[in-house]
Amino acid sequence: MAYVIVPRHERTQPLRIVPGYPQTPWRNPKQPLVRRPPTLSELTGPSEVAKRVKLLGGDIAGHGEAQAIGQLMHLKLRVVDEDGTPVGGTVVEIWQANGAGRYIHPNDDEHAPVDRNFYGAARLLTDERGLLELRTVKPGAYPVPTKDGWWRPPHIHFSIFGKVWLSRLVTQMYFPGEPLNGQDRILNAVPDTAARARLVARLVPPTGDPANALVFEHQIVLRGRKATPSQP
């Protein structure tokens with residue numbers, strides 16, 4: 001099987017080193033990459049990802065006896081290729097902060113309280129339409145632990161798995177109208193305006209099911225000129 005390495009489009013992908021975000025230098029090499037042909041270890045697996053990992057339910061708005069604190073929301077996420085063809089059977093991992101802006105992780109011991117009814121992670125499979133639906137709460141903003149203390153806007157993380165180890169997209173989804181979007185260093189590390197806009201979800205009118213939730217739609221494009229930018 002031939003495998004084509006697509007050059008990185010610097011305008012539609014984030015800067016490798018984001019100023020003021022100390023984690024990004026750790027994730028990027030200091031020396032130029034050495035090109036070598038991919039071998040079977042890169043071009044095989046993870047076949048049948050859904051059989052190798054445990055899928056989690058599409059409702060994380062209540063991880064306990066009560067509903068999580070925050071704005072209840074219903075997310076409709078669609079995964080397509082560069083031609084707009086739905087990509088069904090794709091495993092998508094999702095994680096986010098709670099309504100106060102705190103992750104359930106031992107490294108997150110910052111300003112916000114833990115919500116005992118909210119876990120904040122899911123793993124779902126897209127259907128034949130490339131669609132998955134998630135019931136959750138809108139995540140809160142939070143300060144980044146740096147000297148100048150800038151804040152991250154509400155966002156949700158996604159990891160989309162392909163059919164080979166080299167095919168994986170890690171990205172984030174932002175919310176429309178958030179005042180912190182305009183100064184977020186990660187979102188604005190994508191130089192192209194249209195590419196940044198593809199990272200922002202769309203608020204749609206509620207359908208009545210669920211009646212008490214904000215409804216957002218978002219599309220992730222895996223390849224091509226209008227591919228969704230990666231986000232660390």
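Some points to look at:
- Count of residues meeting criterion [at pLDDT below 75, part of a loop (DSSP other than H, G, I, E, B) and not polar (S, T, N, Q)] in the range 32-91: 9
- Qualifying residue in the range 201-223 (condition: surrounded by 20 or more Cβ atoms within 10 Å (Cβ to Cβ), out of contact with any strand residue (DSSP E or B) (no Cβ under 7 Å at 6 or more places or on another chain) and farther than 21 Å from ILE94 by Cβ): no
- Extreme residue, nearest to the chain's Cα centre (by Cα), among residues of the range 191-223 that are part of a loop (DSSP other than H, G, I, E, B), among the aliphatic types (A, V, I, L, M) and within 19 Å of PRO86 (Cα to Cα): LEU199
- Every residue from the range 166-190 that is assigned to a loop (DSSP other than H, G, I, E, B), out of contact with any strand residue (DSSP E or B) (no Cβ under 8 Å at 6 or more places or on another chain) and surrounded by 15 or more Cβ atoms within 10 Å (Cβ to Cβ): GLU178, ARG185, VAL190
- Boolean, PRO139 is in a loop (DSSP other than H, G, I, E, B) and more than 20 Å from ARG16 (Cβ to Cβ): yes
- Residue satisfying all of: in the range 191-200; under 18 Å from TYR21 (Cβ atoms) and without any contact (Cβ under 8 Å) to a residue 40 or more places away in the chain; surrounded by the most Cβ atoms within 10 Å (Cβ to Cβ) among these: LEU199
The values are calculated or read from the model by the stated rules, or taken from the named source; none is laboratory data. As the structure is a computational prediction, the values presented were derived from the model and not from experiment. Ideal geometry is used to build each Cβ from the backbone, glycine not excepted, and the neighbour counts take in all protein chains shown.
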